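See structure below.
The values are calculated or read from the model by the stated rules, or taken from the named source; none is laboratory data. Predicted model only: the values in this text are computed from it and were never measured. Counting neighbours? That spans all protein chains shown, and the Cβs are built from the backbone with ideal geometry, glycine included. Each accessible area value is taken on the protein alone, full model and side chains, heavy atoms only, with ligands, DNA and RNA left out. Shrake-Rupley method; radii C 1.70, N 1.55, O 1.52, S 1.80 Å.
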Amino acid sequence: MATCGIAAGAQKVYETVQQEIARYGLAVTVVPTGCIGLCRYEPIVDIYVPGQEEAVRYGQITPEKIKKIIALHLFAGQPVPDYVCQDHRGKQMMVALRNSGVINPESIEEYIAVGGYQALAKALFEMTPQEVIEEVKASGLRGRGGGGFSTGLKWDYSARAEGDQKYVLCNADEGDPGAFMDRSILEGDPHSIIEAMTIAGYAIGADRGYIYVRAEYPLAVKRLEKAMSQARQMGFLGTKISGSAFSFDLEIRLGAGAFVCGEETALMVSIEGKRGEPRPRPPFPAVKGLYGQPTVLNNVETYANIPIILRRGASWFSSFGTEKSKGTKVFALGGNIHHTGLIEVVMGTPLRHVIYDLGGGIPGGKKFKAAQTGGPSGGCIPAAYIDTAIDYENLLELGSMMGSGGLIVMDEETCMVDVARFFLEFTVDESCGKCPPCRIGTKRMLELLERITSNKGEKGDLEKLEQLAKTIQAASLCGLGQTAPNPVMSTLRYFRAEYEAHIEERKCPAGVCKAFLEYTIIEEKCRKCSLCARTCPVGAITGKIKKPHRIDTEKCTQCGLCMSKCPVKAIAKRPKQ
Amino acid sequence: MTQCLCQSKKLEKLHEIIAVHKGKAGTLIPVMHEAQDLFGHLPLDVQSMIAEGLEVPLADVYAVATFYSKFTLQPKGVYSIQVCLGTACYVKGAQALLDKLAELLHIKVGETTEDGLFTLEATRCIGACGLAPVMTVNDEVYGRLSVEQIDDIVHKYMEMAWKDEEHGDTSESR
Ligand SMILES: Cc1cc2nc3c(=O)[nH]c(=O)nc-3n(C[C@H](O)[C@H](O)[C@H](O)COP(=O)(O)O)c2cc1C
Ligand code: FES
């Protein structure tokens, strides 16, 4: 029962389940859980039968299907194989997502039953703050929100910094469009974040913290609030936690729709109630952060790793991953891929495994073209590098980056110039406007890209793009501007020929950019039924029943409606003649 | 969500909200969120009430209101249609949904229909990327969409609005 499940109709299924078990008078416990990452199969229902180890997992459930499942499986003891969905969680390694989709996120008892708050108790009663920091350092955990800085080191800096009031912040802004692991963790396992932040507070000597959540995530906010009040009641938050001498409390702050507020210095001024404009670093927030005080800021997924690191030990955590990237990483698989959803894999897993084994490959028999990682700050990994082991260093080397873990798969029908344009449009929209290289430079880049995608490209445009990119990277104030040219640079690096085709051959090889295409009716196939003419919203199709039909390309807005309605597939999109 | 209260009740409620937050640090944005939930948007008189109440310059309130995309100075339609233009949705054809809606409603992105029924917006990722392409109408989320479904969804809301009218529902939900 997370955002994605509810969007797919989980609420109705949930209600039906309750009606049906009441109707049959069954003694069944119905537990709503958070996201388990199998978004493609939502809504999902797991049925556990006492005595059987594994649950049966049903996918793409409708109220009708669940009625049948309850009657057959729960009432008559007969599972319904038709509705069982394939689960690829077995091939993964769940660390940050260990509880998501397993426990009821609204129940602190269930969190405690799976070992929750043990790490906090261990820290408070068996470890000094410095020992906690050393343990986190030794685990090799690096930030999962962007740059991949060592979490333990960051905590150490804050612990050592002077200040009468220190703060612990959680970055739950999740600005990367196409990433939703932070939302899933907040909705599926909110207590782990509360526990981790409290541990961080103990480690650095802070008694206050804020969780900065984007306003687009109302369910996450609701679950967090509930979890915080349960934790307070149980004495895991508030004064003298669990009877120790340590006090700590949390507040939620809502973002208001500004991507730049994910940047750490901007996030802090936003919490202070101002426009979220970044400032130059140093001083770093670890030393001078919120209200000028030492502040630790970590990402949601980073925090989700903390309790289990303390519980199972640094050496357990650092025993998997690559030399410099330890542990696991959650990826949000989206785009042209069969199994959209969340996966968690050990660092260093080859991209091929992620896309084909876990993601199920590309739908429609199409070819894999590129994987975009790192969002608007990242780049595209072309098909040639599909055997790359995913870790921080390898992605950077390929001109992309880990970012927060959005992984958008693109097939051969994606135009890379259009993708670059898409990201630049995003950046231009989201630039805070404070520094000119970012505000004006990205706008100029976007104009060039718009020119190229609308068949007005000129010789020399690519060189201009490259020059602008260099200037913006070097002269911008914050990470937003410094990384904004990356999508352009990376697509230019691997798909330069596609740019050149737009400019020199006046073609969009992927068949995306409208300015290079036209719709046409294939006469031999056309049955002259005139359905297309009646469908066309702008009256661009002429012809009477039983007479040949024609599309006026001047009038046509390329909405594609005629193509989708034509019963004999007689309408084609082709390069302009 | 927008609540159906008459103007003076809303103003009273706003005073209460301000009183709860007054004197604490960093409460400007939370108050503005609550005010927008109450009024549906942030007209200048609401902004100046917040400024006065929290004792911050009006310029600061205005600066915040215009910086963050969630805050709006213009009233929105009864139904706010937001098409996700996050990367996952874009790759799966969200632009075509947006184009279709603009054409159907005869408005551009960011505008409200003349009858005040629909506002059309492109939104940032709502984190339901697994169901891309996605759009929301007020609080309702629609996933795995195709252009052909758009007509039906829009008509559903038109009918709901007509029914409300027939029942003489005069609540000013805008
Ligand atoms: C423009 C910009 C946007 C960012 N957005 C986010 C975000 O949405 N979530 C996040 O956790 N980090 C984001 N970051 C990275 C943060 O600034 C920061 O490095 C991170 O939250 C630190 O946490 P970590 O060490 O746990 O990764 C962004 C950075 C930049 C430059
Ligand atoms: S990209 Fe549309 S919901 Fe995430």
Subset of the stretch B:18-31 [within 14 Å of chain A (Cβ to nearest Cβ) and under 18 Å from residue B:57 (Cα atoms)]:
B:18, B:21, B:22, B:23, B:24, B:25, B:26, B:27, B:28, B:29, B:30, B:31
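Conditions tested, residue by residue: (1) under 20 Å from residue A:408 (Cα atoms); (2) touching an Asp or Glu at 6+ places or on another chain (Cβ under 9 Å); (3) of a type in the set (A, V, I, L, M); (4) away from ligand 1 (no atom under 16 Å from the Cβ).
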{"residue": "B:89", "(1), (2), (3), (4)": "yes, no, no, yes"}
{"residue": "B:94", "(1), (2), (3), (4)": "yes, no, yes, yes"}
{"residue": "B:102", "(1), (2), (3), (4)": "no, yes, yes, yes"}
{"residue": "B:125", "(1), (2), (3), (4)": "yes, yes, no, no"}
{"residue": "B:129", "(1), (2), (3), (4)": "yes, no, no, no"}
{"residue": "B:135", "(1), (2), (3), (4)": "yes, no, yes, yes"}
{"residue": "B:140", "(1), (2), (3), (4)": "no, no, no, yes"}
{"residue": "B:147", "(1), (2), (3), (4)": "no, yes, yes, yes"}
{"residue": "B:155", "(1), (2), (3), (4)": "no, no, no, yes"}
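Working only within the stretch A:1-52, note down all residues that are within 14 Å of chain B (Cβ to nearest Cβ), open to solvent by less than 60 Å² (accessible area, probe 1.4 Å) and in a helix (DSSP H, G or I).
The answer is A:3, A:4, A:5, A:7, A:10, A:39, A:41.
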Output for the stretch B:118-128, where each listed residue is assigned to a loop (DSSP other than H, G, I, E, B) and either free of Cβ contacts under 8 Å to residues at least 24 places away in the same chain or more than 12 Å from chain A (Cβ to nearest Cβ) (or both)
B:127
Give me the residue from the stretch A:240-298 that is of a type in the set (Phe, Trp, Tyr) and away from ligand 2 (no atom under 16 Å from the Cβ) and, out of that set, nearest to residue B:55 (Cα to Cα).
A:291
If we scan the stretch A:515-528, do we find a residue that is under 22 Å from residue B:151 (Cα atoms) and surrounded by fewer than 13 Cβ atoms within 10 Å (Cβ to Cβ)?
no
The stretch A:323-344, residues that are in contact with a Gly (Cβ under 6 Å, 6 or more places away or on another chain) and either at pLDDT below 95 or within 14 Å of another protein chain (Cβ to nearest Cβ) (or both):
A:330, A:331, A:332, A:333, A:334, A:337, A:338, A:339, A:340, A:341, A:342
From A:123, A:159, A:96, residue being within 29 Å of the chain's Cα centre (by Cα) and either part of a helix (DSSP H, G or I) or within 16 Å of ligand 1 (Cβ to nearest atom) (or both):
A:96
Note on the stretch B:60-72: residues within 21 Å of residue A:428 (Cα to Cα), in contact with a Leu (Cβ under 9 Å, 6 or more places away or on another chain) and either among the aliphatic types (A, V, I, L, M) or open to solvent by 60 Å² or more (accessible area, probe 1.4 Å) (or both) are B:64, B:65, B:66, B:70
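Out of the residues in the stretch A:262-282 that are small (Gly, Ala, Ser) and more than 10 Å from chain B (Cβ to nearest Cβ), state the one that is farthest from the chain's Cα centre (by Cα). I'd like the intermediate steps shown before the answer.
Initial filter on the stretch A:262-282 (small (Gly, Ala, Ser)): A:262, A:266, A:270, A:273, A:276.
Among the residues that remain, those that are also more than 10 Å from chain B (Cβ to nearest Cβ) are: A:262, A:266.
Details: A:262: 14, A:266: 21 Å.
This residue is A:266.
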Has the stretch B:129-142 got at least one residue that is more than 15 Å from ligand 2 (Cβ to nearest atom), within 10 Å of chain A (Cβ to nearest Cβ) and in a helix (DSSP H, G or I)?
no
Flagged in the stretch A:226-256 as charged (D, E, K, R) and away from chain B (no Cβ under 14 Å), in numbering order, are A:226, A:232, A:240
So which strands (runs of 3 or more DSSP E) stay within the stretch A:233-335 end to end and still have 1 or more residues that are open to solvent by less than 30 Å² (accessible area, probe 1.4 Å), over 30 Å from residue B:93 (Cα atoms) and among the aliphatic types (A, V, I, L, M)?
A:249-254, A:295-299
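Kindly indicate which of B:80, B:48, B:69 is out of contact with any strand residue (DSSP E or B) (no Cβ under 6 Å at 6 or more places or on another chain), closer than 30 Å to residue B:147 by Cβ and either in the same structural domain as residue B:139 (by the TED database) or among the hydroxyl-bearing types (Ser, Thr, Tyr) (or both).
On the way: B:80 fails: out of contact with any strand residue (DSSP E or B) (no Cβ under 6 Å at 6 or more places or on another chain); B:48 fails: closer than 30 Å to residue B:147 by Cβ.
Answer to the selection: B:69.
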For residue A:153, indicate whether it is within 13 Å of ligand 1 (Cβ to nearest atom) and within 14 Å of another protein chain (Cβ to nearest Cβ).
no
Whether any residue in the stretch A:503-514 is free of Cβ contacts under 8 Å to residues at least 60 places away in the same chain, open to solvent by less than 70 Å² (accessible area, probe 1.4 Å) and not aromatic (Phe, Trp, Tyr) is what I want to check.
yes
Give the stretch B:73-117 a look and list any residue that's at the interface with chain A (Cβ under 10 Å from one of its Cβ atoms), among the hydrophobic types (A, V, I, L, M, F, W, C) and either open to solvent by 50 Å² or more (accessible area, probe 1.4 Å) or without any contact (Cβ under 8 Å) to a residue 12 or more places away in the chain (or both), or say none.
B:104
Here are the criteria: (1) free of Cβ contacts under 8 Å to residues at least 24 places away in the same chain; (2) in contact with a strand residue (DSSP E or B) (Cβ under 6 Å, 6 or more places away or on another chain); (3) among the β-branched types (Val, Ile, Thr). Tell me which single one residue A:95 does not satisfy.
(1)
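Count, please, the residues in the stretch A:205-225 that happen to be in contact (Cβ under 8 Å) with a residue 40 or more places away in the chain and more than 9 Å from chain B (Cβ to nearest Cβ).
Keep residues of the stretch A:205-225 that are in contact (Cβ under 8 Å) with a residue 40 or more places away in the chain, which gives A:205-217, A:219-220, A:223.
Those left that are additionally more than 9 Å from chain B (Cβ to nearest Cβ): A:205-209, A:211-213, A:219, A:223.
Within the stretch A:205-225, residues that are in contact (Cβ under 8 Å) with a residue 40 or more places away in the chain and more than 9 Å from chain B (Cβ to nearest Cβ) number 10.
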